[in-house]
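The structure under discussion appears below in the form of structure tokens.
Coordinate-derived values only; no laboratory data. Please read these numbers as outputs of a predicted model, since none were measured by experiment. Ideal geometry is used to build each Cβ from the backbone, glycine not excepted, and the neighbour counts take in all protein chains shown.
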Amino acid sequence: MSLPYNTNPAGLHVPAGTGVQRWFAGDLYEVLLSGPQTNGLLGIVEASVPPGGGPVPHYHPGSAETFYLLDGELEFLNGDDTFTAGRGDVVHIPANTVHRFHNGGLHEAKMLFLYTAAGPEGLWVATGDEPEPGVPVPPWGPERWTPEVLEAGARYGHLTP
């Protein structure tokens, strides 16, 4: 008898705090699921965005990005629109849409990003810095945007307009 569901799944369990953590562009990112783990279907990242943090405007040619705010507030750019999202809000950015988020507040914001298709999350693993316990996330100045980081951005689907 054939069952309509998988009785022997090859699922994943990622215990809390065991994802790959990196400092990147002034934020802390923890990659919880990556493209190689999900056959390219989904990338999930938890982000801690300190005051002043957030990336420059960019877009992902092959991936939509969905954000779920766990705590705090962030200002989002979605194409030409700018708005503030807070705890419990969901923001969806279609592929090829210029976007960014910025923490203009006084407190850290936390959120999950979901990439469909996976891939952009690989940029932080490839080019971010290993976090140092007890040390605040350092901001990134223009000197950090080396040709190698920009080339990796293109390779992982993070493009600037």
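Note on the stretch 94-143: Cα-Cα pairs beyond 13 Å make up 77% of the total pair count.
Order these by the 10 Å Cβ neighbour count, fewest first: His60, His13.
Working: His60 21, His13 5.
So the residues, fewest neighbours to most, are His13, His60.
For the pair Ala154 and Thr97 in one chain, pulling the backbone fully straight at 0.36 nm per residue adds 19.0 nm over the alpha carbon distance. The alpha carbons of the stretch 20-125 give a radius of gyration and a Dmax of 12.6, 39 Å, in that order.
Over the chain, what relative contact order in percent results from Cα pairs under 8 Å that are six or more residues apart? Intermediate values should be presented prior to the final figure.
Numbers: 358 pairs, mean separation 47.0, N = 161.
Relative CO of the chain lands at 29 percent.
Counting other C-beta atoms within 10 Å, which of Leu74, Leu12 has the fewest, and how do the rest follow? Could the numbers behind the result be given before it?
Working: Leu74 25, Leu12 9.
In increasing order of surrounding Cβ atoms, one gets Leu12, Leu74.
Each residue in Trp124, Trp145 was given a count of other beta-carbon atoms within 10 angstrom of its own, and listing them fewest first yields Trp145, Trp124.
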